[in-house]
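A.B. asks: I am attaching a structure below and will ask some questions about it afterwards.
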Protein chains: 2
Amino acid sequence: MTIENISANKVFGGWQKQYTHQSKTLNCDMRFAIYLPPQASSGEKVPVLYWLSGLTCTDENFMQKAGAFRMAAELGIAIVAPDTSPRGDDVADDDGYDLGKGAGFYVNATQAPWNKHYQMYDYIVKELPALIEASFPVSNKRAISGHSMGGHGALTIAMRNPERYCSMSAFSPICNPVNVPWGQKAFTAYLGKDKSTWQAYDASELMRQATQFLPAKVDQGGADNFLKEQLTPELLEAAAKASSYPLELAIHEGYDHSYYFISSFIEEHLRFHAKHLAK
Amino acid sequence: MTIENISANKVFGGWQKQYTHQSKTLNCDMRFAIYLPPQASSGEKVPVLYWLSGLTCTDENFMQKAGAFRMAAELGIAIVAPDTSPRGDDVADDDGYDLGKGAGFYVNATQAPWNKHYQMYDYIVKELPALIEASFPVSNKRAISGHSMGGHGALTIAMRNPERYCSMSAFSPICNPVNVPWGQKAFTAYLGKDKSTWQAYDASELMRQATQFLPAKVDQGGADNFLKEQLTPELLEAAAKASSYPLELAIHEGYDHSYYFISSFIEEHLRFHAKHLAK
């Protein structure tokens, strides 16, 4: 497991760095970004928040736009932002922004041509944390969050692996992908037409059936253009009620789907995760 | 004076909006962005910080990357980010990133073909504030700041118009453009070969000769790749000593020329300006 540093920027006393590595899981070279708070430079092993980005994003969007470092530095939390899909000239792609590169949906694809590289679920659950914990001064205390497609990814990955995470959160997640256009297009391509294979990647389905609970926080903008057609937080809320899942869900009037929304509430998410990472 | 709204994002309880307008000064259509803090929605007239961006930037870079809104909302300060040059198909340009579009250098060009549109000094000093103050719930209390080329712009504009601003600041400014490659290339093109016309746009020269003082704060990253060849803050510091200008200048070890640096210290700049805007 070797990583190669390709950039480093000092920010709020810590360091935002980008690395590349050869991913065995994804069968291609991958890039990720990490924020190491000042505490990581003084011998302390810090916990890690994994941030999963949305459609069309890379490892850079959150780092440049979320305004998360002030609070991450204060709380002593590292943040890891992986890319949103496998990358490279030989990786299958699609003309749409919502399938293929930049749109891995954090699933393990079973269908050709996607199954050769699109194994983002395993990459996020296993390979990436192992790499991070072997390469940086971090503990094995993990939290996970994300935005939109990445919110879907964070919730589903955390609920399927509750022993691996202290807490989960999401901004504007795709809450019920099996029933909305983005999810149906991606799952048909990556998982095939048999919808029974889709359920394991649906946050509302997983929350409805949950018997092990993680602290969960979801924030959604009330003026989000994708709210009704793609995101459907009311279905996640109904699922939480059905299983008595401890979900804190809030709709914020006037806020949209952009990083302006995320930046306004990222401090609350970092404080939420810090509380549970400290336990 | 009419403006057309083209985008709006709620952020930290206020609104980040983009507008277009026909600029008489620049003889073209221009875009700018404004952040209106929550106080502006409750009938209060808020003061304005003008932010001048650096080479290759538009009105968007600061708004997306600086992380300024949390503190602007807390302090009740509007922020206006203009574009960095005239724009449009008939506007003269150059292949270099450091001349022409995206590189107006906040001067009034006197040389063809630049003089038809490149009148950024007058645009920032006169037309834009008049437009802002006629169109939004803002007072005529103004502060000015900027980054790199925009730091040069902020310092020179403030020092030439001390009656119009309460305070000035800059991140990583081009402190002595008449003596560095970026400035010499731009000033030769826009102002001609007679270097006596350049002096009025040189922050170190203006500071050395200043008799009216404004509160001034400059921050510079110690690991900035452009520090020695293009930025030369030691010359601004020497000029401030010569005229006893009240300049607060700090070099921050390890920080580079990016918005990661700006985001780390923008809160200090906003607090600095708020103190003087309140007088």
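A.B. asks: Divide by every residue of the protein assembly as shown the summed helix terms, -39500 (n - 2.57) for each DSSP H run of at least 4, and state the resulting mean residue ellipticity at 222 nm, rounded to the nearest 500 deg cm²/dmol.
C.D. replies: Rounded to the nearest 500, the figure is -8500 deg cm²/dmol.
A.B. asks: Put +1 on the Cβ of every Lys and Arg and -1 on every Asp and Glu Cβ in segment A:3-278; which of A:P37, A:A200, A:P181 then has its Cα farthest towards the positive end of the dipole?
C.D. replies: A:P37
A.B. asks: So, one more: Scan around A:K141 for amide H atoms under 5 Å from its own, H built in the peptide plane at 1.01 Å from N, and keep only partners 5 or more places away or cross-chain.
C.D. replies: Counting only residues 5 or more places away or on other chains, the set is A:V48.
A.B. asks: Something else about it: If one takes the accessible area of chain B alone plus chain A alone and subtracts that of the pair, with a 1.4 Å probe, what total in Å², rounded to the nearest 100, results?
C.D. replies: Protein heavy atoms only, the B-A interface buries about 1900 Å².
A.B. asks: Which of the three applies to segment A:201-279, rounded, prolate or oblate, going by the alpha-carbon gyration tensor with a ≥ b ≥ c and a/c under 1.5 meaning rounded?
C.D. replies: Verdict is oblate for segment A:201-279.
A.B. asks: Moving on. DSSP loop (so not H, G, I, E, B), at most 15 other Cβ within 10 Å: list which GluC sites (Glu not before Pro) in segment A:1-79 pass both filters.
C.D. replies: Passing both the DSSP loop test and the Cβ count: A:E44.
A.B. asks: Using the alpha carbon gyration tensor of segment A:3-278, what are the three equivalent-ellipsoid semi-axes (square root of 5 times each eigenvalue), largest first, in whole Å?
C.D. replies: Ellipsoid semi-axes (Å, largest first): 26, 23, 17.
A.B. asks: If you don't mind, there's one more thing I want to ask. Shape verdict for segment A:162-224, please, from the Cα gyration tensor: rounded (a/c under 1.5), prolate (a/b greater than b/c) or oblate.
C.D. replies: Oblate is the answer for segment A:162-224, as a/c is 1.5 or above yet b/c matches or exceeds a/b.
A.B. asks: Taking accessible area as the heavy-atom solvent-accessible surface of the protein chains with a 1.4 Å probe, which residues of segment B:68-90 lose no less than 50 Å² upon going from the isolated chain to the full protein assembly?
C.D. replies: B:R70
A.B. asks: Return the sequence-ordered ³J(HN,Hα) values of segment A:147-162 in whole Hz as given by the Karplus equation 6.51 cos²θ - 1.76 cosθ + 1.60 applied to θ = phi - 60°, using x for Gly and Pro.
C.D. replies: Listing the rounded values in order: 10, 6, 3, x, x, 4, x, 4, 5, 5, 5, 5, 5, 7, 9, x Hz.
A.B. asks: Next question. Hey, what's chain B come to in accessible area per residue, 1.4 Å probe, Å²?
C.D. replies: For chain B, the solvent-accessible area averages 37 Å² per residue.
A.B. asks: Between rounded, prolate and oblate, where does segment A:74-222 land on the alpha carbon gyration tensor, with a ≥ b ≥ c its root eigenvalues, rounded for a/c under 1.5, else prolate if a/b exceeds b/c?
C.D. replies: Verdict is oblate for segment A:74-222.
A.B. asks: Under the Karplus relation 6.51 cos²θ - 1.76 cosθ + 1.60, θ = phi - 60°, what is the ordered set of whole-Hz ³J(HN,Hα) values for segment A:127-133, x standing for Gly and Pro?
C.D. replies: 5, 5, x, 4, 5, 5, 6
A.B. asks: Taking amide H atoms as placed 1.01 Å from N in the peptide plane, list the residues 5 or more away in sequence, or in a different chain, whose amide H sits under 5 Å from that of B:L55.
C.D. replies: Residues meeting the amide H criterion: B:M149, B:G150.
A.B. asks: Of all DSSP beta bridges located in segment A:3-278, what percent are antiparallel, nearest 5?
C.D. replies: Antiparallel: roughly 50 percent of the beta bridges in segment A:3-278.
A.B. asks: Further question on the same structure: Just the number, please: carbon plus sulfur as a percent of the accessible area of chain A, 1.4 Å probe, no ligands or DNA/RNA counted.
C.D. replies: Summing carbon and sulfur atoms, their accessible area is 47 percent of the total for chain A.
A.B. asks: While we're looking at this one, here's another question. List the residues whose amide H sits under 5 Å from the amide H of A:H252, counting only those 5 or more places along or on another chain, with H placed 1.01 Å from N in the peptide plane.
C.D. replies: Counting only residues 5 or more places away or on other chains, the set is A:Q220, A:G221, A:G222.
A.B. asks: Would you mind listing the distances between the B:E133 label point and the same position in each other copy? Use 7 Å along Cα-to-C-beta, nm, one decimal, shortest first.
C.D. replies: Ordered by increasing distance: 6.1 nm.
A.B. asks: Quick check on my link table: of A:K65/B:K185; A:K65/A:K279; A:K17/B:K65; A:K10/B:K65; B:K101/B:K141; B:K10/B:K45, which ones sit more than 25 Å apart, alpha carbon to alpha carbon?
C.D. replies: A:K65/B:K185; A:K65/A:K279; B:K101/B:K141
A.B. asks: Using the Cα centre as the reference, give the magnitude of the dipole from point charges on the C-beta atoms of the protein assembly as shown (Lys, Arg: +1; Asp, Glu: -1; all else neutral), rounded to the nearest 20 debye.
C.D. replies: Computed about the Cα centre, the dipole is about 1060 debye.
A.B. asks: Taking the Cα centre of segment A:40-101 as origin, sum charge times position over the Cβ atoms of Lys and Arg (+1) and Asp and Glu (-1), and report the length of that vector in debye to the nearest 20.
C.D. replies: Roughly 480 debye, rounded to the nearest 20.
A.B. asks: Specify, for chain A, the residue whose C-beta is closest to the rotation axis mapping it onto chain B, with the distance given in whole Å.
C.D. replies: Per the A/B rotation axis, the closest residue of A reads A:G67, 2.
A.B. asks: Let me check against my output: what whole-number percent is the relative contact order of chain A, with C-alpha pairs under 8 Å and at least 6 apart?
C.D. replies: 17 percent
A.B. asks: Related question: Can you grab the distance from the C-alpha centre of segment B:158-175 to the C-alpha centre of segment A:170-213, Å, no decimals?
C.D. replies: 54 Å
A.B. asks: Next question, about the same structure. Using the Karplus curve 6.51 cos²θ - 1.76 cosθ + 1.60 with θ = phi - 60°, work out ³J(HN,Hα) for each residue of segment B:272-279 in order, rounded to whole Hz, and write x for Gly and Pro.
C.D. replies: 4, 5, 4, 4, 7, 5, 7, 6
A.B. asks: Right, next: State to the nearest 20 debye the size of the charge dipole of segment A:3-278 about its Cα centre, where the only charges are +1 on K and R beta carbons and -1 on D and E beta carbons.
C.D. replies: 660 debye
A.B. asks: If you don't mind, there's one more thing I want to ask. For every other residue with a beta carbon closer than 10 angstrom to the beta carbon of B:S204, add +1 if it is Lys or Arg and -1 if Asp or Glu, then tell me the sum.
C.D. replies: -3
The values are calculated or read from the model by the stated rules, or taken from the named source; none is laboratory data. This structure is a prediction, so every number in the text was calculated from the model and none was measured. A quick note on method: Cβ atoms are made from the backbone with ideal geometry, for glycine too, and the neighbour counts reach across all protein chains shown. Side chains are part of the model used for accessible areas, which takes the heavy atoms of the whole protein and leaves out ligands, DNA and RNA. Shrake-Rupley method; radii C 1.70, N 1.55, O 1.52, S 1.80 Å.
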